[in-house]
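Report on the following structure.
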Amino acid sequence: MTSTRERQRAAARARLEREMAERAATARKRRQWQVSVGAGVAVLVLAVGVVLLVNLAGDDDSTDTAADPSAAPVSCVWNEVPQGERTPTTKDVGVPPTTTPPTTGTKTMTVDTNFGKININMDLSKSPCAAESFSFLASKKFFDGTKCHRMFPGMLQCGDPSAKGKGYRDSDGTGGPSYRYANEYLPANERPAYPAGVVALANSGPDSNGSQFFFIYQDVELQPDYTVIGKADQAGLDVIKKATEKGHDGAFDPSPGGGHPKNDITINALTVS
């Protein structure tokens, strides 16, 4: 009886030992599999990292274009005014030679007036066609000798090629080049849309931009319908304020409003660099 009990105990110990050994073996296999998988994941992560690094260090031009939508090419359409629709105030100097201007970087437009120089920074990623048009017109001396012909509270309008000489006050403000082009950067999400210092394009309706532009010398509430071409620096803003300090003569009141500046404000030269 005693020997039978001992044999049963021995058999139970043996089973327990086998189970313990099997569990240990299973645990070892599990650890080995985890190590293998972990190493594989590490290799995969490393491989992905290498691929990303290679892509990021690849061709600079393609990467920059993809990362910066403003670097994408644009196509400017210069819509020539039909001969039958041109007026005596239309000045035909042709159209800009390119339809694909640069869309990165900046240009400086300098308006040299009888009150001082006004430097305007133009962001080519926002209004590249407008910048190209002004560069072209400046190269033709389109603005030289013209006078700023209209003024509202907070705004001074210039760029009419017919506003010249002593009789410029007879100008109806319709002058411009023989082409038109589309709106670009419209500050729809900015408040105010046109703060002091902004320079924007005058128009006679959507996509009718020409050569006329206006300086904002104090914050004004306007609908965001006018393409922003750039912004004057503080020194230039001071020049505009000095030039407009006498106000206007009310010649265009009550409609469309405003008048000729009481000071003669002459653009001696307008250049773009």
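Data table
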read-out: Residue satisfying condition, being out of contact with any Phe, Trp or Tyr (no Cβ under 6 Å at 6 or more places or on another chain), at negative phi and modelled with pLDDT under 95, within set Thr87, Thr113, Thr103, Thr108; value: Thr87
read-out: Total residues in region 199-225, condition over 19 Å from the mean Cα position of the chain (by Cα) and among the acidic types (Asp, Glu); value: 2
read-out: Boolean, Val45 is under 29 Å from the mean Cα position of the chain (by Cα), modelled with pLDDT under 95 and open to solvent by 40 Å² or more (accessible area, probe 1.4 Å); value: no
read-out: Filter result (of a type in the set (A, V, I, L, M) and within 18 Å of Thr87 (Cβ to Cβ)) within region 138-170; value: Ala163
read-out: Every pair of residues 6+ apart whose Cβ atoms lie under 7 Å, when the first sits in region 240-256 and is under 17 Å from Gly173 (Cβ atoms) while the second is open to solvent by 100 Å² or more (accessible area, probe 1.4 Å); value: His248/Lys262; Asp249/Lys262
read-out: Criterion: closer than 26 Å to Ala235 by Cβ, among the aliphatic types (A, V, I, L, M), without any contact (Cβ under 8 Å) to a residue 40 or more places away in the chain and touching a strand residue (DSSP E or B) at 6+ places or on another chain (Cβ under 7 Å) - qualifying residue of Ala138, Ala196, Ala163; value: Ala163
read-out: Elements of type strands (runs of 3 or more DSSP E) contained in region 108-214, each with 3 or more residues being buried (at least 18 other Cβ atoms within 10 Å of the Cβ) and touching a Lys or Arg at 6+ places or on another chain (Cβ under 9 Å); value: 116-123, 155-158
read-out: Any chance Ala235 is within 20 Å of the chain's Cα centre (by Cα), closer than 22 Å to Asn121 by Cα and surrounded by fewer than 17 Cβ atoms within 10 Å (Cβ to Cβ); value: no
read-out: Residue match in region 244-254 (condition: modelled with pLDDT of 95 or more, outside any loop (DSSP other than H, G, I, E, B), farther than 17 Å from Ala200 by Cα and not basic (Lys, Arg)); value: no
read-out: Count - residues of region 72-98 that are part of a loop (DSSP other than H, G, I, E, B), open to solvent by 60 Å² or more (accessible area, probe 1.4 Å) and in contact (Cβ under 8 Å) with a residue 12 or more places away in the chain; value: 7
read-out: Selection from region 261-273 of residues that are open to solvent by 10 Å² or more (accessible area, probe 1.4 Å) and in a loop (DSSP other than H, G, I, E, B); value: Lys262, Asn263, Asp264, Ser273
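The values are calculated or read from the model by the stated rules, or taken from the named source; none is laboratory data. Everything numeric in this text was worked out from a predicted model, so none of it was measured. For neighbour counting, all protein chains shown are included, and Cβ atoms are generated from backbone atoms with ideal geometry for every residue, glycine included. Ligands, DNA and RNA are excluded from the accessible area calculation, which covers all protein heavy atoms including side chains. Shrake-Rupley method; radii C 1.70, N 1.55, O 1.52, S 1.80 Å.
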